[in-house]
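The next block holds one structure in the form of structure tokens; read it before the comments.
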Amino acid sequence: MLGRRKLNLIPYFLCLITYTLCLDASVFKVRKPKDNLPVTSVNGDPVPVNAGDPWDPKHAPTPHVVNGSFDHPIESFVNKDESRTYYFPYEFSADQSWAIKVCVKSDFATIEAPLLVVVRQSVSIMSLNVPLTFSGAKLKYGKVCHTLCPLTNFDPRVPSGHEELDIELASNSADKVNFSLLVSNVTDFVIKTEQSITVNITASIPSVLEYHMPDKVRSVLVHAVSKDAQCMILAIQDIKCPFYDAERTVEYKGFYQTLTYQSGITITRKSFKDGKVYIVMILKPTNKECSGSDENVKDSTVKEVVLTVMPSISDTDFYEAIFGAFGFFLLVYIFSFIISVFLFVRKRRHSSFECASQSSISTVACSNPSIQTYGTVTASSSYASHTSVNPSVPEPLARRGSDVSLDETDMDKLPDAEHDKEVVRTKTTLYVSDLARKKEKHLKEKTSVYSWNLITIAIFYGLPVVQLVYINQKIVNLTGNQDLCYYNFLCSHKLWVFSDFNHVFSNVGYVLLGILFLLLVWRREALDTRHERESQRTEHYKPTGIPHHFGLFYAMGWALIMEGVLSASYHVCPNKANFQFDTAFMYVIATVCMLKLYQARHPDITAKSHSTWMLLSVVIFIGVVGVLQGGTAFWVVFIFFHILATFVLSTTIYYMGIWKLDRWIMRRVFRSLKMDLIAGSFRPTYPGRFVMLGIAVMLNLALDIFGLIKRPANFASFLLGVFIMNLMLYLLYYTAMKIRYKERIRWIPLMYIVLSFASWGAALHFFLLKNTSWQMTPAGSRERNKLCVILNFYDDHDIWHFVSSFSLFFSYMVLFTLDDDLENTPRDQINVF
Ligand SMILES: *[C@@H]1O[C@H](CO)[C@@H](O)[C@H](O)[C@H]1NC(C)=O
């Protein structure tokens, strides 16, 4: 219908109607090329243009051609016999800061016979249908507006001067279709930096603004705020015409994201040529993408959005923030180095007394130079023969001995430690020497396997992670879909390929402090080994202090580094698919710390590396299932296994490894109960351990009940909470027992304890100020977004990264130095608890 119209007749009709128009040569001049344009119909066939053409329809609609003027609404009608064309002449300049907006409204146009509008300029064409329909014509909008892209951005060669807009309306309806047409001048089309513009949008009336970044600014933040909950799209497109401001096409170029109450997009000069962009806003016809609910937006719904462009960061700020953080960690390194050198020099000076200071950053004065042993010395392999068997071993506790299994597969079998193990370990008062009977070299190998396993697993686990996030980031950059990753959009700075560089970079603390910890462990091991060799030459050599097996310390260091790497990977594109990278090595850290703490007083009873890893892999598996499928059934199963694990572990700890889970367990428990009943004794053999384990079991149960009732959406964090709680409990117990057995806590570990408590407190505070949440929809997560808080570069979560890296480091140092007071205590006087 539209296609069959004979466009070349227009000037002649015009001449007939108004003679004056023909005098205005510009009408012809401008229209001329348009007339020569090959006109095609909807299906692409060329439309015959000759007057004498046999296809010429009998009832060609009569075009009514009128000159329109800006900002004056035109009311008229069309039907299948009559179409309308309006001309809007205007002066065009290449640097214009305004734009033309075309609005067509018709309450009479129907879906079967819509009002068809064609908008033409010298180099562009646009068409619209009224009513605009969505989701299979369920939603219908009678008023449609579009901003026209300024002509220069189609082609910079378009000359300034006279331009003409021509709008043609037609319909296939037999009845009159009334419409109103308004062509207006958008004078606030260009938004300036630090300016706010309020716009009203609907699903059929999008809003487009143009923005030019000022020089010397590295990036700006386009911040949109609204009081209405309706779902909208905010898009940034480069300054090429056409821009895409329709619901169906908005995803074609640039960046886009959904939002309800607030959001932001950071624009860098690098990602858009000269930092010139179009900002497109459009309301979604349904709220589905933002809230998940399928509630439709009414025809009349208008969303008011306040758009502000804020300068985000300059190049100087950027380098300051990055090198500032880096420099800070460098200072920590330098500080540790200076203290190490200081200690070394002092030790040299004191070497005449053979007094050495033991701890890494320790400045403890060597109070008793007459004691010639070096702290934390590890037992030599000759130790077993040296000490022979502790003469104070009481009568074997035959009653207990019969209850426990005689072999232990999870522990080592070493002949020298095996022969009277049952006797030794069932004493009520144990000393570390009783549990440090295995060959030193063997134990060393056994714990160093932890590091090797950890590194291997880290590589196997980490590489796919890096690969995955690399692809994720690439997809984000390629599609511009900013709903894929849950960033804090109000504080994310782009660098290289990274959309959110600050959150990746702020993990540097874990890596650097992890390396520092490894260096400290390495230094101490070297000193220890040397000192041990020296002291073995002395005559009355007796092993003192807690046997240090450095393998687990190394594993802790590596785990901290890996936590940094994986957390950085997670933050490349945080979402539901890769959440577990962030927590996986936290489980490892918690577990290794617990093992280390346990190993201190039970050197012989170290869980084997592969069993530990197997357990951890089960934990990670549970974590994944919990997040993906956290129904009631899952919780019941989880709680069952958690209680089982609690029971098994606490029994193992209670009996110190001389206990085995096998098919005779029930019989043994029963027998033991019967014996206790007959003997009428309900007093536990090891009250300290019993109370501690009792509290631990209770708290774990309490946590289970809490989980079952509350059902936290982020199961991974809940699981981590279980780990952390147990670690904390154990550390508390350990410290309490230390005090109970009248061991001193030196001021260095005390300092670390205070520091780690303080920094954990602060870290937790920042952790809970969540700025994003992948449990929600992308738009829901954006509601929590917050602006940067320090250096204009880091937000709360970055601070959490920094502070928690220190917290972990300090906690490590607590474990590392806690038993320094025992360095000169003979091992057979150190209590086991
Ligand atoms: C639109 O407004 C601007 C600024 O007021 C003016 O310079 C321009 O000529 C106007 N355009 C039209 C077509 O009226």
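The values are calculated or read from the model by the stated rules, or taken from the named source; none is laboratory data. Since the model is a prediction, treat every value here as computed from it, not as a measurement. For neighbour counting, all protein chains shown are included, and Cβ atoms are generated from backbone atoms with ideal geometry for every residue, glycine included. Ligands, DNA and RNA are stripped out before the accessible areas are found, and what is left, the full protein with its side chains, is counted by its heavy atoms. Shrake-Rupley method; radii C 1.70, N 1.55, O 1.52, S 1.80 Å.
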Taking only pairs six or more apart or across chains, which ones have beta-carbon atoms under 8 Å, a first residue in the range 494-507 that is among the hydrophobic types (A, V, I, L, M, F, W, C), and a second residue that is assigned to a loop (DSSP other than H, G, I, E, B) and surrounded by fewer than 22 Cβ atoms within 10 Å (Cβ to Cβ)? 501/494
Check every one of the strands (runs of 3 or more DSSP E) wholly within the range 177-279 and list those with 3 or more residues that are within 16 Å of the ligand (Cβ to nearest atom), aliphatic (A, V, I, L, M) and in contact (Cβ under 8 Å) with a residue 60 or more places away in the chain. 177-186
Residue match in the range 603-624 (condition: touching a His at 6+ places or on another chain (Cβ under 7 Å) and surrounded by 15 or more Cβ atoms within 10 Å (Cβ to Cβ)): yes
Every residue from the range 312-330 that is open to solvent by less than 30 Å² (accessible area, probe 1.4 Å), under 17 Å from residue 507 (Cα atoms) and aliphatic (A, V, I, L, M): 321, 322, 325
Residue 755 at pLDDT 85 or above and farther than 30 Å from residue 621 by Cβ: yes
Could you go through the range 569-591 and let me know if any residue there is among the aromatic types (Phe, Trp, Tyr), open to solvent by 10 Å² or more (accessible area, probe 1.4 Å), at pLDDT below 85 and more than 22 Å from residue 488 (Cα to Cα). no
Somewhere in the range 465-475, is a residue closer than 24 Å to residue 329 by Cα and either open to solvent by less than 30 Å² (accessible area, probe 1.4 Å) or at pLDDT below 90 (or both)? no
If we keep just the residues of the range 88-126 that are open to solvent by 60 Å² or more (accessible area, probe 1.4 Å) and out of contact with any strand residue (DSSP E or B) (no Cβ under 9 Å at 6 or more places or on another chain), which is farthest from the ligand (Cβ to nearest atom)? 112
Breaking point among (1) without any contact (Cβ under 8 Å) to a residue 40 or more places away in the chain; (2) part of a loop (DSSP other than H, G, I, E, B), for residue 158: (1)
Examine the range 127-140 for a residue that is touching a Phe, Trp or Tyr at 6+ places or on another chain (Cβ under 9 Å) and within 16 Å of the ligand (Cβ to nearest atom), and state whether such a residue exists. no
If we only count helices (runs of 4 or more DSSP H) wholly inside the range 723-833, which ones have 2 or more residues that are within 25 Å of the chain's Cα centre (by Cα) and hydroxyl-bearing (Ser, Thr, Tyr)? 747-768, 796-817
Any chance you could count how many residues in the range 450-460 are out of contact with any helix residue (DSSP H, G or I) (no Cβ under 6 Å at 6 or more places or on another chain) and crowded, with 20+ Cβ neighbours inside 10 Å? 0
What are the residues in the range 59-81 that are away from the ligand (no atom under 16 Å from the Cβ), in a loop (DSSP other than H, G, I, E, B) and either charged (D, E, K, R) or modelled with pLDDT of 85 or more (or both), if any? 80, 81
The one condition residue 525 fails out of (1) assigned to a loop (DSSP other than H, G, I, E, B); (2) touching a helix residue (DSSP H, G or I) at 6+ places or on another chain (Cβ under 7 Å); (3) more than 23 Å from residue 727 (Cβ to Cβ) is (1)
Give the residues of the range 542-568 that are farther than 24 Å from residue 513 by Cα and open to solvent by 20 Å² or more (accessible area, probe 1.4 Å), sorted by residue number. 542
Inside the range 733-774, the number of residues satisfying the requirement of being over 23 Å from residue 687 (Cβ atoms) and out of contact with any Pro (no Cβ under 9 Å at 6 or more places or on another chain) is 28
Output for Cβ contacts, cut-off 7 Å, separation at least six or different chains, first residue free of Cβ contacts under 8 Å to residues at least 12 places away in the same chain in the range 321-344, second open to solvent by 80 Å² or more (accessible area, probe 1.4 Å), reads none
Kindly provide the set of residues from the range 580-611 that are hydroxyl-bearing (Ser, Thr, Tyr) and either over 25 Å from residue 830 (Cβ atoms) or free of Cβ contacts under 8 Å to residues at least 24 places away in the same chain (or both), ordered by number. 583, 587, 609, 611
Answer yes if at least one residue in the range 208-222 is open to solvent by 10 Å² or more (accessible area, probe 1.4 Å) and touching a Cys at 6+ places or on another chain (Cβ under 7 Å), and no otherwise. no
Look through the range 127-138, keep the residues that are open to solvent by 20 Å² or more (accessible area, probe 1.4 Å) and not small (Gly, Ala, Ser), and return whichever of them is nearest to residue 172 (Cα to Cα). 129
